[in-house]
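Working notes, beginning with the structure itself.
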Amino acid sequence: MSQLSTRHLLGIKDITKEDIQLIFETADNFKEVLNRPIKKVPSLRDITIANIFFENSTRTRLSFELAEKRLSADVINFSSSNSSVKKGETLIDTVNNILSMKVDMVVMRHSSPGAPYFLSRNISANIVNAGDGTHEHPTQALLDAFSIREKLGDVAGKKVAIIGDILHSRVALSNIFCLQKLGAEVMVCGPITLIPKYISSLGVKVEYDVQKALEWCDVANVLRIQLERQQIKYFPSLREYSLYFGVNKKMLDRLDKEIVIMHPGPINRGVELNSDVADSEHSIILQQVENGVAVRMAVLYLLAGAR
Ligand code: CP
């Protein structure tokens, strides 16, 4: 098989294990390209891609833009904060105006869960979800699983603990779907107030003690406390969160095994993750970012092939 089963990447829930494997094999090839002196291929020449971001981003926006440029696509960038959205223009009017400039693919981040699904039903361009509210962040999950595969040889059979603010995290949901499709065991861990009640129906283990989660797992993916999505107080203070749920070097020193530490970024240093772990030999956080470019190149290339 050399084609994806879908013409959009809206969520990991909607794609198959074979799709994920094809993305990884394609990303392996692009990673090799990115290590060459000339890091560019003509694969998407004559394709125009709009990166439409209605929410803040550093890694995802730059990673997509770089992936598109490495593939020789024409790229336009839209950020809602300095656009006519501020004058009241709707999402569909904004996107239709951008598409009338002959855009082939749209990469979109939006604070509303489902916004990319809405777009995919109303426009003809291929859509890539770059994060929709608390719902999914499919390319983050793909680059996370790709990084585990690179570090440990395979994802199947590995134990992955996702630690932190599960309730507000699109990274958690996409990671659960992706890791399970690839045959990993998944645990979520955090304060009871930040673990959604439905989560065990997804077939994941639930743990409230971070040290026990670290003892169980091969890989700990530590998530940010998403204060911007929290309308009420879910824990007394950041200091208390750090004390009971933060990951630090002392906790890793108590383990009698190797462990891989991941974080999708941005990190709240000293809250969910201490610098003595984030910057340690256990951490593959910057490899995740590096792999993001190759994985996004693979996604864009394969979706363009489905046009
Ligand atoms: N991991 C991630 O989505 O980071 P940004 O919000 O900076 O894109």
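The values are calculated or read from the model by the stated rules, or taken from the named source; none is laboratory data. Remember, it's a predicted structure, so these values are computed and weren't measured experimentally. Note that we place each Cβ from the backbone using ideal geometry, even for glycine, and neighbour counts take in every protein chain shown. What goes into the accessible areas is simple: the full protein's heavy atoms, side chains included, and nothing from ligands, DNA or RNA. Shrake-Rupley method; radii C 1.70, N 1.55, O 1.52, S 1.80 Å.
For the Cα atoms of the chain, what angle does the longest principal axis make with the long axis of helix 285-305, in degrees from 0 to 90, nearest 10?
30 degrees
Leaving ligands, DNA and RNA out of it, report the carbon-plus-sulfur percent of the accessible area of region 138-284 at a 1.4 Å probe. The partial results should precede the final answer.
Values: 3150 of 6290 Å².
Of all accessible area on region 138-284, carbon and sulfur atoms account for 50 percent.
Take the cross-link list 212/249; 212/250; 159/257; 17/151; 31/250; 159/250 and give me the ones stretching past 23 Å between alpha-carbons. Don't jump to the answer; show the numbers that get you there.
Working: 212/249 15 Å; 212/250 14 Å; 159/257 13 Å; 17/151 20 Å; 31/250 35 Å; 159/250 21 Å.
Over 23 Å apart, Cα to Cα: 31/250.
Size of the dipole of the chain about the Cα centre, Lys and Arg at +1 and Asp and Glu at -1 on the beta carbon, nothing else charged, in debye to 20? Before the final figure, lay out the partial values.
Working: 37 positive and 35 negative charges, 101 e Å.
Using only the charged Cβ atoms, the result is roughly 480 debye.
For helix 170-181, what angle does its Cα long axis make with the longest principal axis of the chain, in degrees from 0 to 90 and rounded to 10?
90 degrees
Whats the longest run of the chain with zero GluC sites (Glu not before Pro) that are DSSP loop and have at most 14 other Cβ atoms within 10 Å? Working shown, then result.
Working: sites that count: 89, 258, 281.
Segment 90-257 is the longest.
Which of the lysines could be linked to residue 197 by a straight reach, that is with a Cα gap under 18 Å, when you skip same-chain ones fewer than 8 residues away?
205, 233
Give, as a single signed number, the net charge of other residues whose beta carbon lies under 10 Å from the beta carbon of residue 60, with Lys and Arg counted +1 and Asp and Glu -1.
Details: positive: 59, 61, 109, 296; negative: 55, 65.
Residues near residue 60 contribute +2 overall.
Considering only 99, 168, 182, whose Cα is most displaced toward the positive end of the charge dipole of the chain, charges sitting on Cβ of Lys, Arg (+1) and Asp, Glu (-1)?
99
Looking at region 46-102, which trypsin sites (Lys or Arg not before Pro) are in a loop (DSSP not H, G, I, E or B) and have at most 16 other Cβ atoms within 10 Å? Walk me through the intermediate numbers first.
Working: sites: 59, 61, 69, 70, 86, 87, 102; in loops: 102.
Listed in order of number, the matching sites are 102.
Which of the lysines could be linked to residue 86 by a straight reach, that is with a Cα gap under 25 Å, when you skip same-chain ones fewer than 8 residues away?
102
If you roll a 1.4 Å probe over the heavy atoms of the protein chains, what accessible area per residue do you get for the chain, in Å²? Let's see the in-between values first.
On the way: 13690 Å² over 307 residues.
The answer is 45 Å² per residue.
How large is the dipole of region 138-284 about the Cα centre if only Lys and Arg carry +1 and Asp and Glu carry -1, each at its Cβ, rounded to the nearest 20 debye?
Numbers: 18 positive and 18 negative charges, 83 e Å.
Taking the Cα centre of region 138-284 as origin, the dipole is about 400 debye.
Evaluate the Debye formula for region 200-279 with equal point scatterers sitting on the alpha carbons, no solvent, and hand back log10 of I(q)/I(0) at q = 0.13, 0.15, 0.21 Å⁻¹, in q order, two decimals.
-0.43, -0.57, -1.08
Over all directions, the average projected area of the alpha-carbon convex hull for region 138-284 comes to how many nm²?
Working: hull surface 31.9 nm².
Mean shadow area of the hull around the Cα atoms is 8.0 nm².
I need the P(r) histogram for region 22-142: all alpha carbon pairs, bin width 10 Å from 0 out to the longest distance, whole percents.
Pairs per bin, as whole percents: 12, 43, 34, 10, 1.
For the chain, what is the calculated [θ] at 222 nm in deg cm²/dmol (nearest 500), taking -39500 (n - 2.57) for each run of four or more DSSP H residues and dividing by its residue count? List each step's numbers first, then the result.
Working: 11 runs with 119 residues, N = 307.
The helix-only estimate for the chain comes to -11500 deg cm²/dmol at 222 nm.
Taking every DSSP beta bridge with both residues inside the chain, roughly what % is antiparallel (nearest 5)? Walk me through the numbers before you get to the answer.
On the way: 1 of 36 bridges.
Counting DSSP beta bridges with both partners in the chain, the antiparallel share is about 5 percent.
Which value, in debye to the nearest 20, describes the size of the charge dipole of region 62-106 about its Cα centre when Lys and Arg Cβ atoms bear +1, Asp and Glu Cβ atoms bear -1, and nothing else is charged? Please list the in-between numbers first.
On the way: 5 positive and 6 negative charges, 22 e Å.
Magnitude of the dipole: close to 100 debye.
Please work out the Kirkwood hydrodynamic radius for the chain, using every pair of different C-alpha atoms, and report it in angstroms with one decimal place.
On the way: mean 1/r = 0.0504 Å⁻¹.
Hydrodynamic radius (Kirkwood, Cα pairs) of the chain is 19.8 Å.
Go through region 123-140 residue by residue and turn each phi into a ³J(HN,Hα) via Karplus (6.51, -1.76, 1.60, θ = phi - 60°); whole Hz please, and just put x for glycine and proline.
Running phi through 6.51 cos²θ - 1.76 cosθ + 1.60 with θ = phi - 60° gives 9, 8, 5, 6, 10, 10, 7, 9, x, 10, x, 8, 8, 9, 9, x, 6, 5 Hz.
On a 0 to 90° scale, report how tilted helix 59-70 is relative to the longest principal axis of the chain, with both axes built from alpha carbons and the result rounded to the nearest 10.
Its long axis makes an angle of about 40 degrees.
Express in nm, to one decimal, how much length is gained between residue 77 and residue 151 on full extension, taking 0.36 nm for each residue of separation and deducting their alpha carbon distance.
Details: separation 74, 0.36 × 74 = 26.64 nm, distance 3.29 nm.
Difference between extended and current length: 23.3 nm.
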